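Colleague: Here it is, the structure in full.
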Amino acid sequence: MNPLDASRTALATSLMRALHSRHDPAPLLDDHWGDRLVPDTVRTALCQRVLDGMPPTARAEAAAAPAELLAQSLRSNAAYADVITRARYAEDALKAAVERGATQYVIIGAGFDSFAYRRPIWAAELNVYEIDHPATQEMKRQRLAACGVDASVSVEFIAADLSAETLGSALARSSFQPGRWTFFSWLGVTMYLTREANLSALAAIASSAPEGSELVFNYVDQDTLHPGALVAEAFSQLKSAVSSAGEAFLSGFDPAEVREQLQAAGLLLLEDLNGDQAVARYDVSGLNGLRSAAAAHIAHARVARPSPARMSA
Ligand SMILES: C[S@@+](CC[C@H](N)C(=O)[O-])C[C@H]1O[C@@H](n2cnc3c(N)ncnc32)[C@H](O)[C@@H]1O
């Protein structure tokens, strides 16, 4: 991503969660912060980009209803279903992990994730850490302050460019405690990092937290990233859109190999859902009209070996 700009994809996914929470018929999330955290200037710029892509004859009518235009554009984005289902999946898995004793929650590439500011009662005691690129985190902190939120009581921010610093080193700069059961989420990020950075982050997760700690992350099937790969039109448009926003997809995982890659890092794969399976699970009746991008996967894993901290405890 552009080192000076907040992630545009993070702003868009935040708007998607708010749109879903407020306007879809059977919401899977209750994220009413998602749009408050996004500056009006960003909404205006997103609308303008949609208008710029329309035939001139249709622009005037569309421009008269910008909120509807933006909602339509976000809903038709190939990432929409994945953004909603992965957020719900991660929060369900986090709740179960807290019930089993997890006391720390690390959100890697948090973007405008609002979990810490709308804490459900079951998460009252959780220590939450948000790791993100400094430019994105700075905008989020400004927006939280503008909304009157004292974020320091809810979350510890760790600014880190994970293309230049390892996850382990970023965590070591915080009050994160390696001996405590931890839940990690890593949503919408792996595609923007190199394969090496992703494998390094997996190894850091496994070695930073005790056995039983968990991770939910998502990835795109790497076959769909090869030049000339045959993919659905909507996914192809998504690849071009993120690329022109300065956040090109850099890497994916091979679903046939992900279990072994996790195992090599010290993680046991518990579940791997492709986009079709995620939509079938979370939009059973089709009420929300979620349209899957099958190439988007949600994976759930557990630290499968004792961390050095625990072994020496
Ligand atoms: C698509 S957004 C996802 C945000 C959030 N997790 C969500 O699901 O809405 C991608 C996130 O990855 C972060 N990111 C991208 N490249 C990064 C890097 N090199 N180091 C740290 N964070 C990065 C961006 O700042 C952004 O918050």
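The values are calculated or read from the model by the stated rules, or taken from the named source; none is laboratory data. Nothing here was measured: the structure is a model prediction, and the numbers come from that model. Glycine also receives a Cβ, built like all others from the backbone with ideal geometry; neighbour counts cover every protein chain displayed.
Condition check ((1) within 16 Å of the ligand (Cβ to nearest atom); (2) surrounded by fewer than 19 Cβ atoms within 10 Å (Cβ to Cβ)) across all residues:
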residue: Thr41; (1), (2): no, yes
residue: Asn77; (1), (2): yes, no
residue: Asp82; (1), (2): yes, no
residue: Arg118; (1), (2): yes, yes
residue: Leu126; (1), (2): no, no
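Colleague: Please state which of the following conditions Asp24 fails to meet, knowing it meets all the rest: (1) under 22 Å from Ser185 (Cα atoms); (2) surrounded by 18 or more Cβ atoms within 10 Å (Cβ to Cβ); (3) in contact (Cβ under 8 Å) with a residue 24 or more places away in the chain.
Modeller: Checking Asp24 against (1) under 22 Å from Ser185 (Cα atoms); (2) surrounded by 18 or more Cβ atoms within 10 Å (Cβ to Cβ); (3) in contact (Cβ under 8 Å) with a residue 24 or more places away in the chain, the one that fails is (1).
One line per residue, one yes/no per condition, for (1) within 16 Å of the ligand (Cβ to nearest atom); (2) among the polar types (S, T, N, Q); (3) touching a helix residue (DSSP H, G or I) at 6+ places or on another chain (Cβ under 7 Å); (4) outside the structural domain of Glu91 (by TED's automatic domain parsing):
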site	(1), (2), (3), (4)
Val189	yes, no, no, no
Tyr192	yes, no, no, no
Pro210	no, no, yes, no
Ser213	no, yes, no, no
Val220	yes, no, yes, no
Pro227	no, no, no, no
Ala232	no, no, no, no
Ser236	no, yes, no, no
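Colleague: If you don't mind, there's one more thing I want to ask. Restricting the search to the range 96-112, which residues are among the β-branched types (Val, Ile, Thr) and within 8 Å of the ligand (Cβ to nearest atom)?
Modeller: Selection gives Ile107, Ile108.
Colleague: Could you go through the range 128-142 and let me know if any residue there is assigned by TED's automatic domain parsing to the domain that holds Ala90, more than 18 Å from the chain's Cα centre (by Cα), surrounded by fewer than 20 Cβ atoms within 10 Å (Cβ to Cβ) and touching a residue at least 12 places away in the same chain (Cβ under 8 Å).
Modeller: Taking every residue of the range 128-142 in turn, none turns out to be assigned by TED's automatic domain parsing to the domain that holds Ala90, more than 18 Å from the chain's Cα centre (by Cα), surrounded by fewer than 20 Cβ atoms within 10 Å (Cβ to Cβ) and touching a residue at least 12 places away in the same chain (Cβ under 8 Å).
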